[in-house]
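Have a look at the structure below before the remarks.
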Amino acid sequence: MKLTYERRSRWTGYLFISPWILGALGLLIFPVVFSLMLSFSDLVNVTSYKMDWVGFQNFIKAFREDVNYIPLLVSAVKMVLIRLPLITIFALIVGIILSKKIAFRGFFRMVFFLPVVLGSGMVMEQLLGQGLNNELMEMVRKLILTPGVQLYLGNNIVDMVSVFLANITLVMWKSGVQILLILGGIQSISPSLYESAKIDSATEWEMFWKITLPMLTPILLITIVYTIVDSFADSTNQIIEYISQVMFEGSDFEYAAAMGWIYFTVIILFVAIVYVCLTPAVRNVSEN
Amino acid sequence: MNEFVLKIKHNKSRIIKISTRITVNVFIYSLLIGLAFVFLYPFLYMIITSLKSPADLNDISVQWILNELRWENYETAMNALQYQERLFNTLLVVLTSVFGHILSCSFIGYGFARYSFRFKGFWFALLILSIIIPTETIIVPLYIFFSRIGLMGTYLTIIIPCFFGFGLRGALFVFIFRQFFLSLPKALEEAAAIDGAGSVRTFFSIALPNARSSALICLVLGVVWHWNDTLEPSMYIENQGMYLLPQMLPNLYSMISSETSVDQLLNDSAVIYNDAVVMAATTLVVLPLIIFYLAVQSKFMISVERSGITG
């Protein structure tokens, strides 16, 4: 049988993604199905993986019986809610500054990506764990919050500023990839837009709000989704530590799987909300 | 008279313009320098601490300027890490994994970008799912899978998934390549097809060479992420002798004696795992990564600028 061009191209598509499908069978579909089954059952025999269906019992346990899980989940969500806007705004500011023609641009770009080189691993965790973070923050705090300023602002605001400062270092460590995304996005905006805006005597400020930001929305969507996924999957996250602890030390695989799926649902919800909120803006840009 | 007023007004607005520009510049540079300091501080701290002698470590007045540079710390750290053999193993694992990633992810990304086929939406949704799903959720079945096919405890558990578009954030790399191929004009490939090249050949001789900037981005991010990853190795590799370099660090950290005793201070030849040695070990572990980054960073930045990460 001779294949038509149409049909051939259909099979060629499968040829190209065939490695991925093969991989997905073993490394995604099987684990997901197995882990879902696990979360709805009671593991009777650990060596032969014999399971008894128990319905939602494991999930109910997470909400009703476990005193640790829900507070950890809430604090993970809170952390992402605090970090997400900080990381996005920080990456946006730095990305825009680094895309301008400034002196020592090469040096600054190199330095700002340096945390990505080390920040994702054991090393940075250890460096931050050595109290280095606190030491550094103490220095910054003394610079900004001198006793006089503290008296003037009052305790509440000083506390808020301290929390903000404690988060801001982590934010800076975690935003290397986001800066790169935005840097790349800014370069793809056509310079002719800025030129025509300049002829109409627009200021830099106006150009940011009316050209750069709207044109960046597709990249911002990717940046935000990346940030959400990355911060939820962060290994320093206590909830992840708790799940692995239940799994490996308590050998309670079913319960760990159930907790994992609840966590996953929360992440998916976050991503879905962001996606739904930003899609109209993205569509707007691509239509223009 | 009127002209004179106009001139003054003109000068005034020019002065305002220049002064705002100066203020903005001062603000931008102080921000950049301050942030650069925050980023560089830990590295300086790490290097300085790694050279401290026990006496300097215990002396609070010594912070940045040391009485002596103790290079022996590096020797102790090298022995504790068994540096040479582990460095070789780590390089082997990281480089093959990243090679697999670039090869498979560009191939798969090309399929998603150029062809339409049945259930494409479903497969693409699965791709996105594999980015979002936390590894911890599916860790147990993965463990079962690898022990069933008999790969448990070998480096292949880390390397093989990379050749199928999986592995550490593999789906993200597929996405990067897909975005790039979507933005690449089809004309060249159509010309190749007319000249009789098959689709696979067209991919390897025309599409892939054009994707050099995306490949470089994957190379840099892949090397960095694989090098720093401790989750996968700690899951699959139990034999201490096969530990990769970053896996050794927690061991060393736990070996630190919390305080250096007077005895150790006096007896210089005793092997002491103090903060300085640990920092030396940390420096040794990240050193190859820093050298790699400095070597490729200018080209890397150009690729990011030229094509963006996601096209």
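Here are the numbers:
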read-out: Residue-averaged beta-carbon neighbours from other chains (10 angstrom radius) around B:105-118; value: 5
read-out: Environment charge at B:Gly241 (Cβ cut-off 14 Å; Lys +1, Arg +1, Asp -1, Glu -1); value: -1
read-out: Computed helical MRE - 222 nm, chain B, DSSP H runs ≥ 4 contributing -39500 (n - 2.57), nearest 500; value: -23500 deg cm²/dmol
read-out: Rough spin-label spacing in nm, given labels placed 7 Å along Cα→Cβ, for A:Phe208 and B:Tyr29; value: 1.9 nm
read-out: Charge sum, other residues only, whose C-beta stays under 12 Å from B:Met78's C-beta, Lys/Arg counted +1 and Asp/Glu -1; value: -2
read-out: FRET efficiency, 1/(1 + (r/R0)^6) with R0 30 Å, evaluated for A:Ser190 and A:Tyr275 via beta carbons; value: 0.70
read-out: Of B:Trp225, B:Gln297, B:Ile176, farthest towards positive along the dipole that unit charges on Lys, Arg, Asp, Glu beta carbons give chain B; value: B:Ile176
read-out: Calculated diffusion of segment A:202-288, Stokes-Einstein form, Kirkwood radius summed over Cα pairs, 37 °C and 0.692 mPa s, µm²/s; value: 211 µm²/s
read-out: Positive dipole terminus of segment A:26-79, leading residue within A:Met51, A:Ala76, A:Leu38 (C-beta point charges); value: A:Ala76
read-out: Label-point gap, in nm, between A:Phe63 and B:Met78 - each point 7 angstrom along Cα→Cβ; value: 6.0 nm
read-out: Within 10 Å of each Cβ in B:124-135, the average number of Cβ atoms from other chains; value: 6
read-out: Pairwise centroid distance, computed over Cα atoms, of segment A:262-286 with segment B:78-121, Å; value: 29 Å
read-out: Stretch gain in nm, segment B:Leu91-B:Ala125, where the contour uses 0.36 nm per residue and the Cα spacing is subtracted; value: 8.9 nm
read-out: Proximal lysines relative to A:Lys198, as straight alpha-carbon distance under 25 Å, when same-chain residues fewer than 8 apart are discounted; value: A:Lys100, A:Lys101, A:Lys210, B:Lys7, B:Lys9, B:Lys12, B:Lys17
read-out: Förster-model FRET efficiency, 25 Å R0, A:Ser201 and A:Ile93, C-beta, rounded to 0.05; value: 0.50
read-out: Cut-off under 5 Å, modelled amide H: who pairs with A:Ser41 long-range; value: A:Val54
read-out: Approximate spin-label separation B:Ser234-B:Ser183, in nm, with each point projected 7 Å along Cα-to-Cβ; value: 3.7 nm
read-out: Karplus 3J(HN,Hα) series, Hz, for segment B:194-205 with 6.51 cos²θ - 1.76 cosθ + 1.60 (x for Gly, Pro); value: 5, 6, x, 6, x, 5, 5, 5, 4, 4, 6, 8
read-out: Three semi-axes of the equivalent ellipsoid, segment B:83-307, Cα gyration tensor, whole Å, largest first; value: 42, 21, 14
read-out: Sequence-distant residues sharing a close amide H with A:Met51 (under 5 Å, placed H); value: A:Val44
read-out: Per-residue HN-Hα couplings for segment A:106-117 [Karplus 6.51, -1.76, 1.60; θ = phi - 60°; Hz; x = Gly/Pro]; value: x, 4, 5, 4, 4, 5, 6, 8, 3, x, 5, 4
read-out: Average partner coverage of B:140-147, which counts Cβ from other chains inside 10 Å; value: 6
read-out: Dipole in debye (nearest 20) - segment B:83-307, about Cα centre, beta carbon charges: Lys, Arg +1; Asp, Glu -1; value: 1260 debye
read-out: B:Asn251-B:Thr20 FRET efficiency (beta carbon distance; Förster radius 56 Å; 0.05 resolution); value: 0.50
read-out: Calculated from backbone phi, Karplus (6.51, -1.76, 1.60) coupling profile of segment B:284-299 in Hz, x at Gly/Pro; value: 4, 5, 8, 4, x, 5, 5, 4, 4, 5, 4, 5, 9, 5, 5, 5
read-out: Chymotrypsin sites (Phe, Trp or Tyr not before Pro) lying in DSSP loop within segment B:6-74, provided at most 15 other Cβ fall within 10 Å; value: B:Trp64, B:Trp71
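Values quoted throughout were computed directly from the atomic coordinates according to the rules given, and no laboratory measurement underlies them. Predicted, not measured: the structure shown is a model, and the values here were computed from it. Cβ coordinates were reconstructed from backbone atoms using ideal geometry, including for glycine residues, and neighbour counts include every protein chain displayed.
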